[in-house]
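The values are calculated or read from the model by the stated rules, or taken from the named source; none is laboratory data. Bear in mind that the values here come from a model prediction, so they are computed numbers and not experimental data. No Cβ is skipped: glycine too gets one built from the backbone with ideal geometry, and neighbour counts run over all protein chains shown.
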Amino acid sequence: MTIKAGDTMPAATLYHMTPEGPRALSTEELFKGKKVALFGLPGAFTPTCSVKHVPGFLANADALRAKGIDSIICLSVNDAFVMGAWGKILNVGNAIIMAADGSAELTKAMGLELDLTSRGMGVRCDRFSMIVDDGVVQVINREEPGQYRISSAESMLGQL
């Protein structure tokens, strides 16, 4: 079943790269008591993800915070080393938490997996964005395969 507005975020463990190495982050730690802009994408270093999706959230980070967002999280089915390197190349700094869902634990629990095995990429995350308030999904924007429209930061700004 796919997660929808009104649902509570599933319990899962993600990873984030720190100077000391990968650090586990529970979904409770990420979402409890916070208003979060979460966006998911098929893969680090992929064209649309690198040129549009992450840069859009980075460019709009201050505007999202001005509308009440406490943190911005980028989710991808990659490991913490890849997400950390990608975040460095895109200069996200502390503006975006680059969250690794290496085993697709959260992605599958939300029903947002995308099987790209036929293209040599394995199971990935669908492209989406959502607003999560204190662990409860308020809005979800799931793209059709190959699309990038409704999951943008600009679209989210209009929903806040």
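General remarks:
- Residue count, region 31-48 (criterion: surrounded by fewer than 22 Cβ atoms within 10 Å (Cβ to Cβ) and either part of a helix (DSSP H, G or I) or among the basic types (Lys, Arg) (or both)): 5
- Taken as a whole, the structure places Ala104 among residues that are within 13 Å of the chain's Cα centre (by Cα) and not basic (Lys, Arg).
- Across region 26-48, the number of residues qualifying as farther than 25 Å from Asp115 by Cα and touching a residue at least 24 places away in the same chain (Cβ under 8 Å) comes to 8.
- Some residue of region 86-104 being closer than 26 Å to Pro145 by Cβ and of a type in the set (Lys, Arg): no
- Criterion: buried (at least 19 other Cβ atoms within 10 Å of the Cβ) and closer than 30 Å to Pro19 by Cβ - qualifying residue of Ser152, Ser76, Ser103: Ser76
- Of the residues in region 131-141, at least one is surrounded by 16 or more Cβ atoms within 10 Å (Cβ to Cβ), in contact with a Ser or Thr (Cβ under 7 Å, 6 or more places away or on another chain) and not hydroxyl-bearing (Ser, Thr, Tyr).
- For beta carbons closer than 7 Å, sequence separation of 6+ or different chains, a first residue in region 80-91 that is more than 13 Å from Val51 (Cα to Cα) and a second that is part of a loop (DSSP other than H, G, I, E, B), the qualifying pairs are Val82/Ala44; Met83/Ala44.
- Failed condition for Lys88, given (1) modelled with pLDDT of 95 or more; (2) buried (at least 16 other Cβ atoms within 10 Å of the Cβ): (2)
- So Phe81, is it among the hydrophobic types (A, V, I, L, M, F, W, C) and surrounded by fewer than 21 Cβ atoms within 10 Å (Cβ to Cβ): yes
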